[in-house]
Amino acid sequence: MMKGIVLCGGESKRMGSDKGLLTIGPCTWAQLAARKLERLYIPVLISINETQVATYHGLFPSELFVIDQVTAKGPLTGLLSAHLKHPDDDLLLLACDMIDMDISSLRFLRDSITTFPGFDYYVYCREDFMEPLCAVYTSSQLKKIHYELENGSLSNFSLHKLIKQARYKTLTIRNIKNFNNHNTATL
């Protein structure tokens, strides 16, 4: 099974405030991302850190929360925390600040695991640059990464580097604007 994960748990250092709580139209960026993933007909979870629980409780039911519980760094923290909560599910990750992402790109990403079986990751790429914050992470590979983290052999927390160390399927970006990552206050 696959679950959608809206990644909201970052520190928002560059933005200066919680990106998931910024609004576009009538909803927050986190709600917008969740609504897009819901259109894929997969269960959706919201990845947050402990300090965000009270604020996000007003936006989503608490049973959708995945609260950071691993000692990793960056987006890997939310990804592995979601994996621990749902260890048998593949995870389609979408960062809350990718507000321009379209449904057809998400649908193609979701379907790629069936269309191109046998990879550890499914990730959009442009030239040599990967987009790991809109990608599919298989449960089998997440188990390996978590094992390495737990036994102290995981030395790099970069999603880019982890992906490059395994078998990954690159997906072609059709519209680069969909992958704008709004992570600074100049929107």
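Every number here is computed from the coordinates shown, using simple stated rules; none is lab data. As the structure is a computational prediction, the values presented were derived from the model and not from experiment. Here the Cβ is made from the backbone with ideal geometry for all residues, glycine too, and neighbour counts use every protein chain on show.
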task = Label region 16-121 by shape, choosing from rounded, prolate and oblate, from the square roots a ≥ b ≥ c of the eigenvalues of the Cα gyration tensor; if a/c is under 1.5 it is rounded, and otherwise prolate applies when a/b is larger than b/c, oblate when it is not.
result = oblate
task = Give me the net charge of Ser153's neighbourhood, meaning all other residues with Cβ under 15 Å from the Cβ of Ser153; Lys, Arg count +1, Asp, Glu -1.
result = +1
task = Pull out a ≥ b ≥ c, the square roots of the eigenvalues of the alpha-carbon gyration tensor of region 105-187, then state rounded if a/c is under 1.5, prolate if not and a/b is larger than b/c, and oblate in the remaining case.
result = oblate
query = Can you run phi through the Karplus equation (6.51, -1.76, 1.60; θ = phi - 60°) for region 155-165 and list ³J(HN,Hα) in whole Hz, with x for Gly and Pro?
reply = 9, 10, 9, 5, 4, 4, 5, 4, 4, 5, 7
query = How much mean residue ellipticity at 222 nm does the chain get from its helices, if each DSSP H run of length 4 or more adds -39500 (n - 2.57) and you divide by all residues, to the nearest 500 deg cm²/dmol?
reply = -9000 deg cm²/dmol
task = For Ile173, list long-range residues whose amide hydrogen, built 1.01 Å from N in the peptide plane, is under 5 Å from its own amide hydrogen.
result = Cys125
remark   = Any aspartates and glutamates whose Cα falls less than 19 Å from that of Lys143, other than same-chain ones fewer than 8 residues away, would be Asp68, Asp88, Asp89, Asp90, Asp120
task = Convert each backbone phi in region 172-182 into a coupling constant with the Karplus relation 6.51 cos²θ - 1.76 cosθ + 1.60 (shift: θ = phi - 60°), then list the ³J(HN,Hα) values in order as whole Hz, x for Gly and Pro.
result = 7, 7, 8, 9, 4, 5, 4, 9, 4, 10, 7
ask   = Using Cα pairs under 8 angstrom and six or more residues apart, how large is the relative contact order of region 2-179, in percent?
value = 24
Neighbour cut-off at most 12 other Cβ (10 Å), DSSP loop, chymotrypsin sites (Phe, Trp or Tyr not before Pro), region 1-85 = Tyr41
Order of Ser140, Ser153 - criterion: other Cβ atoms within 10 Å of each residue's Cβ, fewest first = Ser153, Ser140
ask   = What is the set of long-range amide H partners of Gly4 at a cut-off below 5 Å, with H atoms built 1.01 Å from backbone N?
value = Val44, Leu45, Leu92
request  = Hydropathy first: keep DSSP H helices in the chain averaging at least -1.0 on Kyte-Doolittle, then drop any whose Cα extent along the axis falls short of 15 Å, and list what survives.
outcome  = 75-85, 103-115
Label corresponding to mean projected area of the Cα convex hull in nm² when calculated from the structure given, among (1) 17.4; (2) 16.5; (3) 10.2 = (3)
